[in-house]
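Trainee: One structure, as structure tokens, below. Some questions next.
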Amino acid sequence: MGDGGDGAGAGGGEKVVRLTAWARGRVQGVGFRWWVRSRALELGLTGSATNLNDGRVEIVAEGPRASCERLLELLREGATPGRLAGVAERWSEPRGEGPGFLER
């Protein structure tokens, strides 16, 4: 059921995955979600970046595993807006995020 790789983009038949990451630090009100959205779209990912009440940003991205791993690398490189203190991650099966990448 949708686990194949048809239309997966640059990865060809690469398995589609779901990355959920939580960014902590000074990541709200500094353009962080816009930055994440821009990088995700460049990588061909779908999903969202959402401000949480506790000050973190939750990032949900679906697409080829290599593209999700690259997004995680970009987050951890520290060239993001604001001041990132750390990123936690969870990998799971895709749920079929809608088209595009939303800022919430």
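Here, each number is a calculation from the coordinates, and none is a lab measurement. This structure is a prediction, so every number in the text was calculated from the model and none was measured. Here Cβ is always computed from backbone atoms with ideal geometry, including for glycine, and neighbour counts include all displayed protein chains.
Trainee: Name the residue, out of ALA21, ALA85, ALA61, whose mean-square fluctuation peaks in a Gaussian network model built on the chain with Cα pairs under 10 Å.
Mentor: Among ALA21, ALA85, ALA61, the largest GNM mean-square fluctuation belongs to ALA85.
Trainee: Order of 92-98, 26-32 by packing, highest average Cβ count within 10 Å first? Could the numbers behind the result be given before it?
Mentor: On the way: 92-98: 12.7, 26-32: 16.9.
Top to bottom by mean Cβ count within 10 Å: 26-32, 92-98.
Trainee: Please determine, in degrees from 0 to 90 and to the nearest 10, the orientation of helix 65-76 with respect to the longest principal axis defined by the Cα atoms of the chain, where the helix direction is its Cα long axis.
Mentor: 10 degrees
Trainee: Right, something else. SER38: net charge of surrounding residues, Cβ under 15 Å, Lys/Arg +1, Asp/Glu -1, itself excluded? Please report the intermediate quantities before stating the final value.
Mentor: Details: positive: ARG33, ARG37, ARG39, ARG70; negative: GLU42, GLU77, GLU103.
Neighbourhood net charge equals +1.
Trainee: Gain in length, TRP34 to GLU14, computed as 0.36 nm per residue apart minus the alpha-carbon separation, to one decimal in nm? Each step should come with its number before you reach the end.
Mentor: Values: separation 20, 0.36 × 20 = 7.20 nm, distance 2.68 nm.
Computed gain between TRP34 and GLU14 is 4.5 nm.
Trainee: Can you give the three extents of the C-alpha atoms in region 7-101 along their principal axes, from longest to shortest, in whole Å?
Mentor: The principal-axis extents, from largest down, are 37, 23, 20 Å.
Trainee: Just to confirm a number: summing +1 for Lys and Arg and -1 for Asp and Glu over residues other than ALA79 whose beta-carbon lies under 13 angstrom from that of ALA79, what do you get?
Mentor: For residues surrounding ALA79, the net value is +1.
Trainee: Can you tell me the length gained on complete extension of the stretch GLU42 to ALA79, counting 0.36 nm per residue apart and subtracting the Cα distance? Don't skip to the answer; put the middle values down first.
Mentor: Details: separation 37, 0.36 × 37 = 13.32 nm, distance 1.60 nm.
Extending this stretch completely gives an extra 11.7 nm.
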